[in-house]
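Values in this text are rule-based calculations from the coordinates and carry no lab data. Everything numeric in this text was worked out from a predicted model, so none of it was measured. Here the Cβ is made from the backbone with ideal geometry for all residues, glycine too, and neighbour counts use every protein chain on show.
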Amino acid sequence: MKRLLKEPLLHFLLLGAAIFAIHKWRETRRTGENDSANTHLITVNAATVTRLKEGWTRQFQRAPDADDMRGMVEAHIREEVLCREALAIGLDRDDTIVRRRLAQKMEFLTQDIATSAPPDEASINAFFKKNAGRYAPPARVSFRHVYFSREKRGEKLDANAKEALAALQDGNASDEDFGDAFLQPFEYSNQSEADIAGIFGREFAAALMKSPESTWLGPVASTYGVHLVRITGSHASPPTELGKVREQVLRDLVDERRRTANEEVLQQMKKNYEIVIDDAALRNATPDAEKTAHASP
């Protein structure tokens, strides 16, 4: 039985059955096959009572008494009446919050089917091998830098930085002979890209992680100004064993399956609709389109 639950074919059949049931329900509502008596029938059956009781118990950590149950039933009937009347007069239409909530509930339905059976070890291992880089510790670098202030240098900023770079690359000068005062250190050791980005900005950090060692380069812009940088050491990320990150890998695999299942169901559902997009209106809605229109004679 456990092996059967893990079969992808079974998951596909379950998804197909859910899609068919939803489509059948939509068609039933659309064609008005429900008679007026059933449309106005509100049934509080054993399943409803059980659901209300379990919800109360989870919330209050005790079983409800008779008065509590009667109160919940009355609240349920009130909610059902108001909900049906709201749907009847179309209050659910053009309501962004309601639409998002309904879409979310449909996704939850898909997720419940997609995750009915936990991934087996072979699936976990395959997912880990495919995405091993995601779980490896970040690469790190050590570096020195020379800082040039935008405020102090003004229009001469780039020229001053390039002049200093040429002297440093020739080996005829020390980095201490150039640059401006800086509130942060001029030398950093064993820093990850995230560490560097937190100080100098993401673009500066990305540039450093791609730079070769032992040579001055730049100018590299940061949130402060521009810098000349020399990488003094690189520390590649070591491979990670599955055992150390297994729980995270399992969560990511389940999340990926949920997203895949949601997309598969959505594509199947879209086949029930004729979708027409006003491409001209879409193009005209962008700022670029407005600029082009104003520039036309």
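For labels at Arg84 and Ala47 in the simple 7 Å Cα→Cβ model, what's the distance in nm?
Taking the simple label geometry, Arg84 and Ala47 are separated by 1.7 nm.
At 0.36 nm per residue, and after removing the present C-alpha to C-alpha distance, how many nm does the segment from Ala206 to Leu109 gain when stretched out fully?
30.9 nm
May I ask for the net charge around Asn160, where only other residues with Cβ less than 15 Å from the Cβ of Asn160 are counted and Lys, Arg are +1 while Asp, Glu are -1?
Within the 15 Å Cβ shell, the charges total -2.
What's the exposure ranking of Thr96, Thr215, going from fewest to most Cβ atoms within 10 Å?
Arranged by neighbour count, lowest to highest, Thr96, Thr215 become Thr96, Thr215.
What is the order of Ser174, Ser222, Ser123, fewest Cβ neighbours within 10 Å to most?
Ser174, Ser123, Ser222
My understanding is that a pair violates if its Cα-Cα distance is over 30 Å; which of Lys130/Lys271; Lys105/Lys129; Lys130/Lys210; Lys53/Lys105; Lys210/Lys244; Lys105/Lys244 do that in this structure?
Lys130/Lys271; Lys105/Lys129; Lys105/Lys244
Can you work out the PRE-style zone for Leu282? Point 7 Å along Cα to Cβ, and I want the residues of region 82-101 with backbone N under 18 Å.
Taking a point 7 Å out along Cα→Cβ of Leu282, no residue of region 82-101 has its backbone N under 18 Å.
Counting each pair of different Cα atoms once, what's the Kirkwood radius of region 138-235 in Å, rounded to one decimal?
So the Kirkwood estimate lands at 13.4 Å.
Count the net charge of all other residues whose Cβ sits under 12 Å from the Cβ of Arg101, scoring Lys and Arg as +1 and Asp and Glu as -1.
Taking every other residue near Arg101 into account, the sum is 0.
What distance in nm separates the simple spin-label points at Ala117 and Phe186, each placed 7 Å from Cα in the Cβ direction?
Label at Ala117, label at Phe186, 6.5 nm between them.
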